1. Filter region 50-71 down to the residues that are in a loop (DSSP other than H, G, I, E, B), free of Cβ contacts under 8 Å to residues at least 24 places away in the same chain and hydrophobic (A, V, I, L, M, F, W, C) and list them by number.
2. Which members of region 72-111 meet the condition of being part of a loop (DSSP other than H, G, I, E, B), among the small types (Gly, Ala, Ser) and either more than 22 Å from Arg298 (Cα to Cα) or in contact with a Leu (Cβ under 7 Å, 6 or more places away or on another chain) (or both)?
3. Please enumerate the residues belonging to region 270-304 that are assigned to a loop (DSSP other than H, G, I, E, B), over 28 Å from Glu143 (Cβ atoms) and either of a type outside the set (S, T, N, Q) or in contact with a Lys or Arg (Cβ under 8 Å, 6 or more places away or on another chain) (or both).
4. Does Arg298 satisfy the condition of being closer than 30 Å to Asp155 by Cβ and over 20 Å from the mean Cα position of the chain (by Cα)?
5. Hey, can you tell me all the residues within region 223-242 that are farther than 17 Å from His201 by Cβ, over 14 Å from the mean Cα position of the chain (by Cα) and not in a loop (DSSP other than H, G, I, E, B)?
6. So which pairs qualify, if the first residue must be in region 258-284 and closer than 18 Å to Leu206 by Cα, the second must be assigned to a loop (DSSP other than H, G, I, E, B) and among the aromatic types (Phe, Trp, Tyr), the Cβ gap must be under 9 Å, and the two must be at least 6 apart or on different chains?
7. Restricting attention to region 126-140, does a residue exist that is more than 19 Å from Arg178 (Cα to Cα) and crowded, with 18+ Cβ neighbours inside 10 Å?
Amino acid sequence: MAANSSNGRRVFITGGAGFIGSCLARYLIDHSAYEVMVFDKLTYAGTLTSLDSIANNSRYQFVRGDIGNGLAVETSIRDFDPDFIVHLAAESHVDRSIDGPQDFIQTNLVGTYVLLQAALKHWSQLPTERKSRFRFHHVSTDEVFGSLYDKGYFDEATAYDPRSPYSASKAGSDHLVRAWFHTYGLPITMTNCSNNYGPYHFPEKLIPLNILRAIAGKEMPVYGRGENIRDWLYVEDHARAIKLVFEQAEPGTTYTVGGRAERRNIDVVETICTILDRLTPREDGISYQEQIAFVTDRPGHDFRYAIDCSKIERELGWRQSESFETGLEKTIRWYLDNEKWWRSLLDKDSATDRRGLKTT
């Protein structure tokens, strides 16, 4: 295996060209001495332009590959010789999982199994000192816990109750990761996060979709009456949490990571309108709120998600740096300033089209 100095430890990131993965890769290159390998299939939501700012850095490298391909995964891990594997590769859009669940089963379940087997082989061959510090960090979602109503919060002890093909496939991957820890001793850590938002977010999700539809003069769709509630986490705050966990947490530990920013969907969209009214007013002087349109709800739409992140705050000292309002304004300004990044995505994938109405 290649030499690996204490200042040159290596982080292997699956799904590193996606939204959260690319943020983590940029954050590690900009704020640490880690060497980083991004391993990504480059499906519709994975784009190398999200990594342009670090593309020429000597500590960064990219491999195009599918986590379901055992030979590709094993070869890349063997050649890179990582100290940490961070698993972010996943199909992640609930509406797409309703229309076509097969890709979610293949990537989120089968892909996770393939990656776990390759990680176990790599870890078992490491020298004792490196073996003790190695971590397989699995990034999951609060959606595995099902739906809350008006009270209560998800935390690390919440029972699983997934409601969509997406959340069921992520719940299954969580269970596989824990099984490889308990059965084989693979030193894993895990985080379950709330809804992320921020720059480089693929424009099919609620916040970027409505930013881009607003400035295009199109209807801004809100499911049902907009009463569903989510907790919102700024993506770079999440990247900092991931780094803290894989560096400091004991094997087998899970943390729930949230933004302490519960908002109804309609409140999120109205806040987007308010910020756009200030930053780039419509020529006719009318508020962007006039473009809001209530549309048929998603089948099985969970009412509320909310995370208690006290454990990671208490044990690792993590705090979110952005409030929802400051993070959202940063996000909107980024989309206004980076049309070149998102325009090509809209053109090639019809990213703002409605999905998730299929029920049979």
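1. Hit for region 50-71 is Ala55, nothing else.
2. Matches in region 72-111: Ala89 only.
3. Matches in region 270-304: Pro281, Arg282, Glu283, Asp284, Gly285, Ile286.
4. Judged against the criteria, Arg298 is a match.
5. Tyr223, Ile229
6. Between residues of region 258-284 that are closer than 18 Å to Leu206 by Cα and residues that are assigned to a loop (DSSP other than H, G, I, E, B) and among the aromatic types (Phe, Trp, Tyr), the close pairs are Gly258/Tyr153; Gly258/Tyr305; Glu262/Tyr305.
7. no
Residue-by-condition table, conditions (1) out of contact with any Cys (no Cβ under 6 Å at 6 or more places or on another chain); (2) buried (at least 22 other Cβ atoms within 10 Å of the Cβ); (3) on the phi > 0 side of the Ramachandran plot:
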| residue | (1), (2), (3) |
| --- | --- |
| Lys41 | yes, no, no |
| Ile54 | yes, no, no |
| Arg59 | yes, no, no |
| Phe62 | yes, no, no |
| Asn69 | yes, no, no |
| Glu74 | yes, no, no |
| Asp81 | yes, no, yes |
| Ile85 | yes, yes, no |
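The values are calculated or read from the model by the stated rules, or taken from the named source; none is laboratory data. Small disclaimer: the values here were computed from a predicted structure and weren't measured. Here the Cβ is made from the backbone with ideal geometry for all residues, glycine too, and neighbour counts use every protein chain on show.
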